[in-house]
Amino acid sequence: MPKIVGISGSLRRGSFNAALLRAASELMPPGSELKIETIEGIPLYNADVESAEGIPQRATEIKKSIIESDGLLLSTPEYNNSIPGVFKNAVDWLSRPSSDIKAVFGGKPVAIMGASPGGFGTVLSQNAWLPVLRTLGTTPWFGGRMMVSRAESVFDESGRLKDETIRKQLQQFLNGFVGFVGS
Ligand SMILES: Cc1cc2nc3c(=O)[nH]c(=O)nc-3n(C[C@H](O)[C@H](O)[C@H](O)COP(=O)(O)O)c2cc1C
């Protein structure tokens, strides 16, 4: 039974990317599971804090979840045509200490998706993740793309996915990724 960990890169209460991840958890292929982890509570990276206090508890918990999973699904917003700082900061903590990178990220199948109110559906942010995923030694999945543009018309006020075309696309995307993870 493939177990996927999903992380949204937004702290916003009404986040489209968190909503996309929640929709994904309802559309996972039978026999698979999506565990959603939050980056809420991860402080700004500071090497002095790391030396004095070690890795923040939330980051340690997410690392453990990833180690126990078969794959990782990132739901990324796009800020200024790149990765939002809060999301990159969280992944930077997850990559500490560097001696754990292999256990946490090494060979881990990773899929990226994203949602934006704009017209390009986070394509540049998704591209910006690629060197990070390469550096961490992951195995990115390139078998599908999930870029949600005009997000305010895709989700209703309570953050539920209301667009049937996107729902089908998301289901296909998840089938492809889980198939890749399980193969
Ligand atoms: C600093 C900043 C920069 C942004 N830059 C982009 C951008 O380059 N491309 C884009 O599509 N949206 C951009 N946006 C809009 C975000 O896509 C929008 O705020 C979105 O709702 C964030 O994701 P969330 O709903 O998951 O929080 C930007 C927003 C902020 C706050």
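The values are calculated or read from the model by the stated rules, or taken from the named source; none is laboratory data. Quick caveat: nothing in here was measured; it's all calculated off a predicted structure. Cβ coordinates were reconstructed from backbone atoms using ideal geometry, including for glycine residues, and neighbour counts include every protein chain displayed. The protein model used for the area step is the full one, side chains on, heavy atoms only, and it has no ligands, DNA or RNA in it. Shrake-Rupley method; radii C 1.70, N 1.55, O 1.52, S 1.80 Å.
Could you check the range 24-54 and list, in sequence order, the residues that are small (Gly, Ala, Ser) and either part of a strand (DSSP E or B) or in contact with a Lys or Arg (Cβ under 7 Å, 6 or more places away or on another chain) (or both)?
Within the range 24-54, 41 is the sole residue that qualifies.
Output the qualifying pairs, or none if there are none: Cβ atoms under 6 angstrom, residues six or more apart or on different chains, first residue in the range 84-106 and farther than 27 Å from residue 122 by Cα, second residue surrounded by fewer than 16 Cβ atoms within 10 Å (Cβ to Cβ).
103/67
Could you figure out which of (1) at negative phi; (2) open to solvent by less than 60 Å² (accessible area, probe 1.4 Å) isn't true of residue 165?
(2)
Check whether at least one residue in the range 125-148 is at pLDDT 95 or above and more than 27 Å from residue 65 (Cα to Cα), and report yes or no.
Scanning the range 125-148 turns up no residue that is at pLDDT 95 or above and more than 27 Å from residue 65 (Cα to Cα).
For residues that are part of a helix (DSSP H, G or I), open to solvent by less than 10 Å² (accessible area, probe 1.4 Å) and within 16 Å of the ligand (Cβ to nearest atom), tally how many sit in the range 92-125.
Qualifying residue count for the region: 1.
If you go through the range 137-173 one residue at a time, how many are within 16 Å of the ligand (Cβ to nearest atom) and assigned to a helix (DSSP H, G or I)?
Going through the range 137-173 one residue at a time, the tally reaches 5.
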